[in-house]
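All of the numbers you see were taken from the coordinates with simple rules; none came from a lab. The structure presented is a predicted model; accordingly, all values stated were derived computationally and were not measured. Glycine gets a Cβ as well: all are built from the backbone with ideal geometry, and neighbour counts include every protein chain shown.
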Amino acid sequence: MNMGKWRFWPIIALGVATRCTSKPAVSDSTVADSTVTADSHAAADSSVDSTDTVDLTWDTSTAAGAGYATAFGSDMIGVAAGSFSMGSGRGDPSEAYTDHVVTLSHAFWLGRTELTQAQYAAWTGAATPAPSAHTGCPDCSVEQVSWADAAMYANALSAAEGLDACYGYDGANLKAAYVADPYGCRGYRLPTEAEWEYAARAGVDSTYSGSDTCADVAWTGEGMADTTEDVATLAPDAWGFYDMSGNDWEWCDDLYEKFYGGYEDGSAQTDPAGPTDMQYRVRRGGAFTSDCDYARVAIREGEPAANRRVDLGFRLARSGGE
């Protein structure tokens, strides 16, 4: 597997960036059709030198490993395989959060932060601005991206690093499935819902990702924020991931169904990839537009794949490390 020259880094907290102040109106763009297209801001190409290879392994005796920087500037953290209890476990009233044991049998990489406006612009190019409503804030998470936009970004980053694309694209429509299964493709992709929750919990049974106190880790509408904020300015979780509660909702790859698999009957699951015949995609984590209840790790929501909202972004995943 060929890649560019990457730097490896320990899991550390980075400095706090300057907060931006422009205030977008809270609105969304809703398209109910499950066939989604990649529009003009998701079309630029990029390339890097891919003559070197990098060893994508880490010490599997620890939960999280060292990371690397991608061609477009985002940081990835290694997460070892393991099992956890997926669901609420915290007394949430809805059956949709039924606890069930999930085993992830494959190690994976996940973005340390939500993708930023600057990292998105590294793909689209300086002449094509990021789609975000909150402008002039390069370290803020990118928003107003559809599920298709996020998938096409993942394909472009894979191409830039000499990796296979994980999503099929026929020039007009993005297919609603992987070219291969999530763990059969070594390029970039969106995380499965189970991977997202595994990393958000980080081996700790807390209400929010990294704390039982919302304000410690989550930008929400409860007196905390009225727009998207710079990433990595609040506390991370135990594995070094930031903003998995609050700031922006995050796309996952899975189709959304309230009751399926272990959520329906509490049964144990291995490498769940969600249902196969639903209309919406999963979003997780809550946002600056919602209160702390929606920033809980267990909360699950569905969203039409073509929607672009001022409070919806993404972080990337990638299989590997085995």
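Remarks
- Net charge of the neighbourhood of P182, taken over other residues with C-beta under 9 Å away and scored Lys/Arg +1, Asp/Glu -1, is -3.
- Most to least packed among 221-228, 198-205 [average Cβ atoms within 10 Å]: 198-205, 221-228
- Amide H contacts under 5 Å for G313: W249, E250, W251, restricted to partners 5 or more places along the chain or on a different chain, H placed in the peptide plane at 1.01 Å from N.
- Relative to the Cα centre, the charge distribution of the range 183-322, modelled as +1 at Lys and Arg Cβ and -1 at Asp and Glu Cβ, gives a dipole magnitude of about 460 debye.
- In sequence order, the range 193-208 has phi-based couplings of 4, 5, 4, 4, 5, 4, 6, 5, 7, 6, x, 10, 8, 10, 5, 10 Hz under the Karplus curve 6.51 cos²θ - 1.76 cosθ + 1.60, θ = phi - 60°, and Gly or Pro positions carry x.
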